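Okay, so here's the structure we're looking at.
The values are calculated or read from the model by the stated rules, or taken from the named source; none is laboratory data. Given the structure is predicted, the values throughout are model-derived calculations rather than measurements. No Cβ is skipped: glycine too gets one built from the backbone with ideal geometry, and neighbour counts run over all protein chains shown. Remember, those area values only see protein heavy atoms, side chains included, never the ligands or the DNA or RNA. Shrake-Rupley method; radii C 1.70, N 1.55, O 1.52, S 1.80 Å.
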Amino acid sequence: MNGDGPVTIAQISDLHCGSPHFVPSLLERAIAELNELGPDCVIVSGDLTNDGFRPEYQTAREYLDRLECERVIVVPGNHDSRNVGYVHFEELFGERSTFLHIDGVSIVAIDSTEPDLDHGTIGRGRYPWIQECFANDAYLRIFVLHHHLLPVPGTGRERNIVHDAGDALETLQRADCHLVLSGHKHVSYAWRLEDLFVVNAGTVSTTRLRGKTKPCYGVIEASPERVTVYRKYPFHEQEAILQFDPRTYEYEKSGQLLGETATG
Ligand SMILES: [Fe+2]
Ligand SMILES: [Fe+2]
C-alpha cells in the first residue's frame, strides 16, 4: 500500500455461509491470516451464501467485516443469486461489478450470475466496459468473476461454464488482460492461454470438495517484473502455483497443482 513495493492481493472464494458443509473455523482462520498478511486488496469471488437467503448474507457480511483491509471487492456467485438473493447482495455489499486501480494494478470484477441459474454469463453488452477499464498503462490487469472461463481439471463432468466464454476470452486477450481470477468449481488450478493466465481458486471454508483437494485461498504478489500466485491452506502452509513476468509472459507453473487428485 506504499506505492513502491509489490502489491499484494488475496482471493477468497466460495465461503458458502449457511451450507451444512460450511466450517466456521476455516473462515475465521483465513480472515485472521489475511489480517496478519495485510494485503492491499481482498477479492471475494462469489458464493458467499448457500441459497441467497438474507440470514446467510448477514453471516457473510459479519465475517467480511472482520477483514481489516480497506479495499475489499466482492462479486456474487450463482448460489448468491438464488431466491432473488442479489437484492440482499446490493444492500449489504453494494455494486455487483467493480473497477479498481491500485499502484499499477487494474482490477475489473463482474457479476457473472443469472437469477436461479448455475451457469455464468458475461454478456456482449459489457465487453466495451471491460475494454475501457483496461485501457490504461497498468502493468497488471486482472479480471475477476465467479464462474470458470476454462474447464478445470479434477472437477468431473464439465458444466456451468460461462456461456460466452469464447467471446469473453477473446475480449480479455484484446484488452491485454493478464490474469483471470475465478472460483465456483472449488478446485484450485492455473492455465495459460496465449497471453492470459487463468487461475481458479478453491473453496476457503467448506468441505464441499472434489477428490482429495483441500480448502484454500489465493495470494497474489505483484510487481512490474514478476507476479506470483500462491495457494494458502488455512492453518497450514502455502505454495507457489504460478509465476509469470507480466512484460514477457514467461512463466512457471507448479507440477503439483492437482496434488493427489491427479493420480489418486
Ligand atoms: Fe461454490
Ligand atoms: Fe458457484
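Close contacts from the range 75-101, counting a first residue that is within 12 Å of ligand 2 (Cβ to nearest atom) and a second that is part of a helix (DSSP H, G or I) and open to solvent by less than 40 Å² (accessible area, probe 1.4 Å), with Cβ to Cβ under 7 Å and a gap of 6+ residues or different chains, come to PRO76/PHE89; ASP80/PHE89. Residues considered: GLU90, GLU132, GLU70. Of these, the only one that is of a type outside the set (Ser, Thr, Tyr), at pLDDT 95 or above and assigned to a loop (DSSP other than H, G, I, E, B) is GLU70. Screening ASN83 on (1) part of a loop (DSSP other than H, G, I, E, B); (2) open to solvent by 60 Å² or more (accessible area, probe 1.4 Å) shows it passes everything except condition (1).
If you check GLU68, GLU56, GLU90 for being open to solvent by 10 Å² or more (accessible area, probe 1.4 Å), over 18 Å from the mean Cα position of the chain (by Cα) and under 19 Å from ARG208 (Cβ atoms), only one passes: GLU56.
Contact annotation: residue pairs with Cβ atoms under 6 Å, 6 or more positions apart or on different chains, pairing a residue in the range 53-74 that is aromatic (Phe, Trp, Tyr) with a partner that is surrounded by fewer than 18 Cβ atoms within 10 Å (Cβ to Cβ), are TYR57/LEU92.
Matching residues to (1) within 16 Å of ligand 1 (Cβ to nearest atom); (2) among the small types (Gly, Ala, Ser); (3) more than 23 Å from ILE122 (Cβ to Cβ):
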site	(1), (2), (3)
ALA175	no, yes, no
LEU196	no, no, no
THR203	yes, no, no
CYS216	yes, no, yes
THR248	no, no, yes
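The residue list PRO20, PRO39, PRO24 contains one member that is within 15 Å of ligand 1 (Cβ to nearest atom) and at negative phi, which is PRO20. Would you please name the residue that is farthest from ligand 2 (Cβ to nearest atom), looking only at residues in the range 30-50 that are touching a helix residue (DSSP H, G or I) at 6+ places or on another chain (Cβ under 8 Å) and not hydroxyl-bearing (Ser, Thr, Tyr)? Filtering first and then ranking leaves ILE31.
Inside the range 1-60, residues that are over 15 Å from ILE73 (Cβ atoms) and outside any loop (DSSP other than H, G, I, E, B) make up a count of 22.
For the range 93-130, the set of residues classified as over 15 Å from ASP47 (Cα atoms) and open to solvent by 60 Å² or more (accessible area, probe 1.4 Å) consists of GLU95, PHE99, HIS101, ASP103, ARG124, GLY125, ARG126, PRO128, TRP129, listed by residue number.
Please verify whether SER106 is within 16 Å of ligand 2 (Cβ to nearest atom), of a type in the set (Gly, Ala, Ser) and either in a loop (DSSP other than H, G, I, E, B) or under 29 Å from GLU221 (Cα atoms) (or both), treating the condition exactly as stated. No, not satisfied. Once the range 186-231 is narrowed to residues that are within 16 Å of ligand 2 (Cβ to nearest atom) and polar (S, T, N, Q), the residue that is nearest to the chain's Cα centre (by Cα) is ASN200.
When ASP111, ASP167, ASP103 are screened for being among the acidic types (Asp, Glu) and within 17 Å of the chain's Cα centre (by Cα), only ASP111 passes.
When TYR63 is tested against (1) within 15 Å of ligand 1 (Cβ to nearest atom); (2) open to solvent by 10 Å² or more (accessible area, probe 1.4 Å); (3) assigned to a helix (DSSP H, G or I), only condition (1) is not met. For the range 253-264, a tally of residues being in a loop (DSSP other than H, G, I, E, B), of a type in the set (S, T, N, Q) and over 25 Å from TYR139 (Cα atoms) returns 2. In the set (1) touching a helix residue (DSSP H, G or I) at 6+ places or on another chain (Cβ under 9 Å); (2) within 16 Å of ligand 2 (Cβ to nearest atom), VAL72 fails one condition alone, (2).
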